[in-house]
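A.B. asks: One structure, as structure tokens, below. Some questions next.
The values are calculated or read from the model by the stated rules, or taken from the named source; none is laboratory data. All of these numbers come straight from a predicted model, not from anything done at the bench. Positions of Cβ are generated from backbone atoms using ideal geometry, with glycine treated the same way; all protein chains shown enter the neighbour counts. Note: areas computed on protein heavy atoms with side chains; ligands, DNA, RNA excluded. Shrake-Rupley method; radii C 1.70, N 1.55, O 1.52, S 1.80 Å.
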Amino acid sequence: MPTQNYNGGLLLISETEVQGYLDDGLRCIGCGALIQTERKGELGYAPMSALLKGFENEEVLCQRCFRLRHYNEIQPVDLTDDDFRLLLNEISTTDSLVVYVMDVFDFSGSLIPGLHRFVGKNPVLLVGNKVDVLPKSLKRSKIKDWMRQQANVAGLRPIDVMLTSGKSGDDVPELLDMIEKYREGRSVYVVGVTNVGKSTLINQIIKDATGDSKDVITTSRFPGTTLDRIEIPLDDDTFIIDTPGIIHQDQMAHYLTPKDLKYVSPQKELKPKTYQLNPEQTLFMGALARFDFIQGEKAGITAYFENNLMIHRTKLEKADDFYSKHAGELLMPPTTENLDMLPPLQRHEFKVTEKTDIVIDGLGWITVPANTVVAGWAPEGVSVLTRRAMI
């Protein structure tokens, strides 16, 4: 018999039935965590009243996913990177296809150290997501060749490379065809670091396959949204399995408030900005990063960052004082009240002999010409590195 709910209406499921699902291992459809009703504030918590309503609406979510989805609020959980890695270890024991999703805007920050240990002998399909944020003038064939070269440098030998936009979903049918081609009746594990758009991409796959326009998996700009494996059936015996994103603590996103994340996560096509710099000039990217042109001929320096991130130019000799005086105000994000969250900027000097990208993990990059000496500054703990120029 249906029981009465708290508003006097009729529930289609009783607390006893919900408890039965909990005892059997009910999981949040948003993040994959096991749902529990006893330990508020811990992983998978949801009050019984919310679960009863969730079953009515066919949206069974933990409290964390509910608040993230409906109010854009993030509740921290007590999980470490090691916890996530343990969940990936089982992939090497399976016979499956591994779809490795990377962010083409933040390729170096998308690399998973030791990925070969997780995948074992399973084939890897490399997917470059968020291709829609790159300038349209850049040919896709060139991006794919560049991705394959960078993957080879990192010790990866993907069976194929695919570019997608999880946000628009335009490439999903082609991706599904490619997955079907290579999976050969096996299950598919989708892996990647946090914030590469794995869950958004899988939601697009579900929409394309079922025609349902509603998101299933919780997505956001916040790192670590998926907390456990989520299985989506492909047929009676195989699944697409969304795994938790490996957390890279050296990514910029970990040092920013939710309000400031919009300055580091491009949602639209990048508009590169080129500056004619003389030696001993400096560019500030808000208060988040700094670039020094130390030595070389006067040259065009092209910056690739989120379009709303303000870039300021000054003389190198005045740069330290400029930052001390204006960080959090003229130079923002972050704002003055959040500046203390940001570690001090650390200097990394490079002498480059060919056209090179100076990459600040999770923020963007600056392309510099050959035969120059430059320095990149980023918050202590955030990686600054060089790579062969993408563009």
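A.B. asks: Is there any pair with a first residue in the range 348-360 that is free of Cβ contacts under 8 Å to residues at least 24 places away in the same chain and a second that is among the polar types (S, T, N, Q) and open to solvent by 50 Å² or more (accessible area, probe 1.4 Å) whose Cβ atoms are under 7 Å apart and which are 6 or more apart or on different chains, and what are they?
C.D. replies: Short answer, once both residue conditions are applied: Thr353/Asn371.
A.B. asks: State all residues of the range 273-320 that are of a type outside the set (Gly, Ala, Ser) and within 21 Å of the chain's Cα centre (by Cα); if no residue qualifies, say none. Explain how you work it out, then say what you get.
C.D. replies: So the first thing to find is which residues in the range 273-320 are of a type outside the set (Gly, Ala, Ser), and the list is 273-285, 288, 290-295, 297-298, 301-302, 304-318, 320.
Residues satisfying the conditions are Met285, Leu288, Tyr304, Phe305, Glu306, Asn307, Asn308, Leu309.
A.B. asks: Turning to a different aspect of this structure: Looking for something at pLDDT below 90, within 26 Å of Ile358 (Cβ to Cβ), buried (at least 22 other Cβ atoms within 10 Å of the Cβ) and not assigned by the TED database to the domain that holds Gly362 - is there at least one such residue anywhere in the range 162-169?
C.D. replies: Checked against the condition, which is being at pLDDT below 90, within 26 Å of Ile358 (Cβ to Cβ), buried (at least 22 other Cβ atoms within 10 Å of the Cβ) and not assigned by the TED database to the domain that holds Gly362, the range 162-169 yields no hits at all.
A.B. asks: Now for a different question. Kindly establish whether Ile294 is β-branched (Val, Ile, Thr), in a strand (DSSP E or B) and within 21 Å of Phe107 (Cβ to Cβ).
C.D. replies: So Ile294 does not fit the description; no.
A.B. asks: Tell me, please, whether a residue that is open to solvent by 10 Å² or more (accessible area, probe 1.4 Å) and at positive phi can be found in the range 135-145. Break it down stepwise before answering.
C.D. replies: In the first step, residues of the range 135-145 are kept if they are open to solvent by 10 Å² or more (accessible area, probe 1.4 Å); the result is 135-142, 144-145.
Add one more test, that the residue is at positive phi, and what stays is none.
There is no residue in the range 135-145 that is open to solvent by 10 Å² or more (accessible area, probe 1.4 Å) and at positive phi.
A.B. asks: Oh, and also: Can you find even one residue in the range 94-113 that is open to solvent by 40 Å² or more (accessible area, probe 1.4 Å), under 27 Å from Leu363 (Cα atoms), without any contact (Cβ under 8 Å) to a residue 12 or more places away in the chain and not in a helix (DSSP H, G or I)?
C.D. replies: Yes, the range 94-113 contains a residue that is open to solvent by 40 Å² or more (accessible area, probe 1.4 Å), under 27 Å from Leu363 (Cα atoms), without any contact (Cβ under 8 Å) to a residue 12 or more places away in the chain and not in a helix (DSSP H, G or I).
A.B. asks: A further question follows. Give the residues of the range 106-127 that are closer than 23 Å to Met252 by Cβ and touching a Phe, Trp or Tyr at 6+ places or on another chain (Cβ under 8 Å), sorted by residue number.
C.D. replies: Ile112, Leu115, Val127
A.B. asks: Right, something else. In the range 309-325, is there at least one residue being open to solvent by 100 Å² or more (accessible area, probe 1.4 Å) and closer than 28 Å to Leu134 by Cβ? Walk me through how you get there before you give the answer.
C.D. replies: Pass one, the range 309-325, residues open to solvent by 100 Å² or more (accessible area, probe 1.4 Å): 310, 313, 315, 317-318, 321, 325.
Still in the list and also closer than 28 Å to Leu134 by Cβ: 310, 313.
Yes, some residue in the range 309-325 is open to solvent by 100 Å² or more (accessible area, probe 1.4 Å) and closer than 28 Å to Leu134 by Cβ.
A.B. asks: A further question on this structure: If you go through the range 307-323 one residue at a time, do you hit one that is modelled with pLDDT under 95 and touching a Gly at 6+ places or on another chain (Cβ under 7 Å)? Break it down stepwise before answering.
C.D. replies: Within the range 307-323, the subset modelled with pLDDT under 95 is 307-310.
Narrowing the set further to residues that are touching a Gly at 6+ places or on another chain (Cβ under 7 Å) leaves 309-310.
Looking through the range 307-323, at least one residue is modelled with pLDDT under 95 and touching a Gly at 6+ places or on another chain (Cβ under 7 Å).
A.B. asks: With Tyr189, Tyr182 as the choices, which residue is in a helix (DSSP H, G or I) and in contact (Cβ under 8 Å) with a residue 60 or more places away in the chain?
C.D. replies: So the residue among Tyr189, Tyr182 that is in a helix (DSSP H, G or I) and in contact (Cβ under 8 Å) with a residue 60 or more places away in the chain is Tyr182.
A.B. asks: From Arg387, Arg347, which residue is open to solvent by 10 Å² or more (accessible area, probe 1.4 Å), within 26 Å of the chain's Cα centre (by Cα) and under 21 Å from Leu111 (Cβ atoms)?
C.D. replies: Result of the check over Arg387, Arg347: Arg387.
A.B. asks: For Lys262, state whether it is within 19 Å of Ala327 (Cα to Cα) and not in a strand (DSSP E or B). Break it down stepwise before answering.
C.D. replies: Details: within 19 Å of Ala327 (Cα to Cα): yes; not in a strand (DSSP E or B): yes.
Considered against the rule, which asks whether it is within 19 Å of Ala327 (Cα to Cα) and not in a strand (DSSP E or B), Lys262 comes out as yes.
A.B. asks: Turning to a different aspect of this structure: Hey, can you tell me all the residues within the range 272-284 that are within 26 Å of Lys167 (Cα to Cα) and touching a residue at least 60 places away in the same chain (Cβ under 8 Å)? If you could, list the steps in order and put the result at the bottom.
C.D. replies: Filtering the range 272-284 for residues within 26 Å of Lys167 (Cα to Cα) gives 272-273.
Matches in the range 272-284: Pro272 only.
A.B. asks: Can you confirm whether Val161 is touching a helix residue (DSSP H, G or I) at 6+ places or on another chain (Cβ under 8 Å) and more than 18 Å from Ile232 (Cβ to Cβ)?
C.D. replies: When the stated conditions are applied, Val161 passes them.
A.B. asks: Say we look at the range 260-284 and pick out the residues that are open to solvent by 50 Å² or more (accessible area, probe 1.4 Å) and charged (D, E, K, R); which of these is farthest from Leu309 (Cα to Cα)?
C.D. replies: Result: Glu280.
A.B. asks: Separate question: Being open to solvent by 10 Å² or more (accessible area, probe 1.4 Å), in contact with a helix residue (DSSP H, G or I) (Cβ under 6 Å, 6 or more places away or on another chain) and modelled with pLDDT of 85 or more is true for just one of Lys130, Lys181. Which residue is that? I'd like the intermediate steps shown before the answer.
C.D. replies: Numbers: Lys181 fails: in contact with a helix residue (DSSP H, G or I) (Cβ under 6 Å, 6 or more places away or on another chain).
Criteria check complete, one pass: Lys130.
A.B. asks: It is to be established whether one or more residues within the range 353-368 are open to solvent by 40 Å² or more (accessible area, probe 1.4 Å), under 20 Å from Pro272 (Cβ atoms) and among the hydrophobic types (A, V, I, L, M, F, W, C).
C.D. replies: Checked the range 353-368: no residue is open to solvent by 40 Å² or more (accessible area, probe 1.4 Å), under 20 Å from Pro272 (Cβ atoms) and among the hydrophobic types (A, V, I, L, M, F, W, C).
A.B. asks: Starting from residues that are of a type in the set (Asp, Glu), assigned to a loop (DSSP other than H, G, I, E, B) and at pLDDT 70 or above, keep the ones in the range 33-83 and report whichever is nearest to Asp23 (Cα to Cα).
C.D. replies: So, considering only residues that are of a type in the set (Asp, Glu), assigned to a loop (DSSP other than H, G, I, E, B) and at pLDDT 70 or above, the one nearest to Asp23 (Cα to Cα) is Glu38.
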